[in-house]
Every structure is written in C-alpha cells, then in structure tokens.
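J.: What follows is a single structure, and I will ask about it in a moment.
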Amino acid sequence: MRFSNTGASLALALASALIAPTALADTLFSFSSQPGDPIGLGESKTYTEADATLSVDGDSRHAIVRVEQGSDQWYISLGAPPAQSFQLQRYPEAENPTRRTGRAPYVYLSTNGRRCNDAWGEIRIRQFATDASDRITALEALVLQRCEAAEAPVLAGVIRYNTAPLSLALDSDPGDYVGQGLNKDYYGDSSVFQLWGSAQGLGYTASGRRDRWSAELLPPLGQALRVGTFPIAEAADAVHAGFRFERPDRRCPRISGGSLQIQSIQFDPGDGSVKALHAQFVQRCDGSSEELRGTIRYQA
C-alpha cells in the first residue's frame with residue numbers, strides 16, 4: 001500500500017523541516033518522526049561530520065549508512081528494486097529487506113536497538129554517483145518509513161553524502177501574478193536544474209513536477225554579482241540588481257519591487273563561469289503587494 005495522500009503530505013512536511021538553515025555540511029543525516037513512531041520516538045535531530053561519525057558504503061543498487069554520536073547509533077540500509085540500479089527518481093512501495101516481495105525496493109532505518117519487524121516506506125534519490133568500481137561517491141536521498149502498518153506514524157530521514165544542496169523552493173501569495181499562491185519544492189528526484197553565466201550576469205532554469213521556471217540575475221551597473229542583498233528592478237541600475245523569475249505562461253508584466261539576497265556564489269577561477277549559487281529572492285509584480293518568494297540552491 002502506498003502512503004495515503006494525507007500521510008504523504010505530512011511525511012513530506014516533516015522532511016522539509018529536517019535540515020536547519022545553518023546545517024550546510026556536504027555530509028549529514030537528519031531525521032524527524034511523528035509521535036508514536038517506535039524508531040524516532042517523535043524526536044528530530046541533525047548529525048554532521050562536525051559532531052558525529054558518518055559513513056556511507058555500497059554500490060549502484062544498495063547503500064548502507066552508519067551514524068554514531070555518543071550513545072546514538074543509526075543504521076540505514078536502502079536497496080533499489082531487484083536487478084535495477086538507483087536512478088534519480090522516487091521509489092514508492094519500499095518494504096523491509098527481509099520481507100521484500102516481487103519488485104519492491106527496500107528501506108530499513110534502526111537506532112539504538114529499535115527496529116521495525118516490517119516496514120512501509122519510500123525512497124527519493126535526489127543526487128547519486130558511483131566511481132569506476134561502482135562504489136558510491138555521492139548520495140542525497142529522502143527516506144520515509146512506517147513500522148508494522150501502512151498508516152503508522154512516519155519517520156522521515158535525509159541523507160546527504162559528498163553533495164551540496166541542489167533544489168528550488170517557492171512560496172507565493174494567492175494574488176501574486178507569477179506564483180498564483182503556489183507553495184512547492186523541487187529536487188533532483190523530480191527536476192532538472194541549469195545554471196550558467198558569469199559575475200556579469202546569470203541565467204537559471206528548473207524543470208520538473210509539471211512546471212518550468214527561469215530566472216535572470218544581473219548585478220547593479222558597474223558591479224559584479226557577489227554575496228550581498230540588493231533591491232531588484234526591471235532593469236539593473238546603479239542601485240538595483242536586475243532580476244526576473246517567471247514561467248513561460250506567467251511572465252511578470254513589470255518587476256516593481258523585491259530583493260535578491262545572494263548568500264553564496266562561486267566562479268571558476270579559470271574562465272570565470274559560475275559554478276554554484278545560493279540565493280533567496282522576493283519578487284513583486286506590477287505594483288502589487290503580493291509576493292513570490294524563492295530559494296535557489298545550486299551546489300551551494
């Protein structure tokens with residue numbers, strides 16, 4: 001049985017709150033659980049290499065994650081469907097590895113001796129890479145597990161190993177012309193992201209979940225894109241950054257206000273091309289007070 005729509009929404013709401021804004025480590029494990037979950041005990045916590053020992057082993061079909069911090073010990077095991085390799089996608093209907101049937105993937109999260117006899121779960125592979133020997137070199141995954149019953153309280157975990165964030169998060173007011181009240185997240189299991197340009201101007205696209213988005217970022221005149229906060233306008237001038245975020249069928253008639261906050265940006269030292277971006281923005285259209293708010297994470 002799949003997660004019910006209500007259960008899945010709740011599980012994803014839990015997962016979306018897993019990683020605090022300051023937890024930007026390239027390797028971490030974070031979990032959040034509902035009251036009544038026998039593994040997480042209704043608690044939430046994030047482990048990074050700064051305060052815990054984390055290891056990831058496995059290949060294109062299986063992954064094992066171990067986390068140790070003081071008396072806390074986590075063991076997580078993930079498996080693709082039989083005879084398949086992990087791809088950037090969602091794997092529903094995950095079962096306990098010792099009770100797996102048919103073509104089901106498997107999921108197993110346990111800690112400090114607490115484990116499920118049977119599991120109903122889901123795996124979302126957001127970033128994944130292996131080396132020439134088929135050993136895992138990079139992994140980002142969202143994992144959901146319910147113990148003993150399909151409607152049991154959920155345990156949600158995020159695994160990140162040698163990966164920087166790659167995502168788009170949008171939140172808009174109902175009257176915003178572009179977002180139209182949309183509140184949505186995009187990750188590598190559903191979406192494709194592109195970033196190009198230099199310190200003189202960037203382009204960005206995100207495609208997934210039946211949406212296509214694009215953005216243009218230009219520095220104030222005479223400046224280069226850098227870490228900082230800038231007011232935005234239809235066109236760059238001495239004070240304003242030029243910024244526009246839109247989708248093909250909803251283009252803001254006129255950018256009339258908002259801000260662009262660049263928290264991190266990286267360029268290739270050789271050719272100056274952009275390599276990474278972490279930016280937050282607020283955009284208002286055509287004199288309206290309604291807003292579209294977004295966070296772009298591209299390997300930063």
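J.: Compute the relative contact order of the chain as a whole-number percentage, counting only Cα pairs closer than 8 Å that sit 6 or more residues apart in sequence.
T.: 13
J.: With axes computed from alpha carbons, what is the tilt in degrees of helix 5-16 against the longest principal axis of the chain, rounded to the nearest 10 within 0 to 90?
T.: Helix 5-16 sits at roughly 70 degrees to that axis.
J.: Please check which bits of the range 50-73 a label hung off Arg103 would reach, taking the label as a point 7 Å along Cα-to-C-beta and the cut-off as backbone N under 19 Å.
T.: 61-62
J.: Could you check how much of the accessible area of the chain is carbon and sulfur, as a whole percent, using a 1.4 Å probe? Spell out each step's value before the answer.
T.: Details: 6430 of 13730 Å².
Carbon and sulfur atoms account for 47 percent of the accessible area of the chain.
J.: For a paramagnetic label modelled at 7 Å from the Cα of Ala169 toward its Cβ, which residues of the range 271-298 fall within the zone defined by backbone nitrogen distances under 19 Å?
T.: Counting backbone N atoms under 19 Å from the label point, the list is 277-283, 291-298.
J.: With the Cα gyration tensor of the range 192-267 giving a ≥ b ≥ c as the square roots of its eigenvalues, does the rule (a/c under 1.5 for rounded; else a/b larger than b/c for prolate; else oblate) give rounded, prolate or oblate? Could you put the intermediate results ahead of the total?
T.: Details: a/c = 2.23, a/b = 1.32, b/c = 1.69.
Oblate.
J.: Given axes a ≥ b ≥ c from the Cα gyration tensor, I'd like to know whether the range 98-174 is rounded (a/c under 1.5), prolate (a/b larger than b/c) or oblate.
T.: In terms of gyration-tensor shape, oblate.
J.: Note down the magnitude of the dipole of the chain about its Cα centre, charges +1 on Lys and Arg C-beta and -1 on Asp and Glu C-beta and zero elsewhere, to the nearest 20 debye. Display every interim value, and only then the final one.
T.: Values: 29 positive and 34 negative charges, 97 e Å.
Its charge dipole is roughly 460 debye.
J.: What is the packing order of peptides 151-158, 123-130, 231-238, taking the mean over residues of other C-beta atoms within 10 Å and listing the highest first?
T.: Going from most to least packed, we get 151-158, 123-130, 231-238.
J.: Provide the per residue accessible area, probe 1.4 Å, for the chain, rounded to a whole number of square angstrom.
T.: Roughly 46 Å² per residue, with all protein chains present.
J.: Within the range 129-172, list the trypsin sites (Lys or Arg not before Pro) lying in a DSSP loop whose Cβ has at most 16 other Cβ atoms in a 10 Å radius.
T.: Answer by residue number: Arg135.
J.: Here is a follow-up. Note down the relative contact order for the range 93-161 as a percent, whole number, built from C-alpha pairs under 8 angstrom at least six residues apart.
T.: For the range 93-161, the relative contact order is 26 percent.
J.: Quickly work out the Ala276-to-Lys184 label distance, labels modelled 7 Å from Cα along the C-beta direction, and quote it in nm with one decimal.
T.: 2.8
J.: Compute the length gained on full extension between Ala238 and Asp59: take 0.36 nm times their separation in residues and subtract their Cα-Cα distance, giving the result in nm to one decimal.
T.: In short, 59.3 nm is gained.
J.: Among 215-228, 281-294, what's the highest-first ranking by average C-beta atoms within 10 angstrom per residue?
T.: So the peptides 215-228, 281-294, ranked by packing, come out 281-294, 215-228.
J.: Using 0.36 nm per residue, how much length does the chain from Arg226 to Tyr75 gain when fully extended, once their Cα-Cα distance is taken away? Numbers along the way, then the final one.
T.: Numbers: separation 151, 0.36 × 151 = 54.36 nm, distance 4.07 nm.
That works out to 50.3 nm of additional length.
J.: Roughly how many whole Å is it from the C-alpha centroid of the range 187-249 to that of the range 123-169?
T.: Spelled out, the Cα-based centre of one part sits 28 Å from the other.
J.: Please report the net charge: other residues with Cβ closer than 14 Å to the Cβ of Leu218, K and R +1, D and E -1.
T.: Working: positive: Arg226, Arg244; negative: Glu216, Glu234, Asp237.
So the environment of Leu218 carries a net charge of -1.
J.: Also: Work out how much length Ala132 to Ser110 would gain on full extension: take 0.36 nm times their residue separation and subtract the Cα-Cα distance, in nm to one decimal.
T.: 4.9 nm
The values are calculated or read from the model by the stated rules, or taken from the named source; none is laboratory data. Since we're looking at a predicted model, the values are computed, not measured. We place every Cβ from the backbone using ideal geometry, glycine too, and count neighbours over all the protein chains shown. Ligands, DNA and RNA are excluded from the accessible area calculation, which covers all protein heavy atoms including side chains. Shrake-Rupley method; radii C 1.70, N 1.55, O 1.52, S 1.80 Å.
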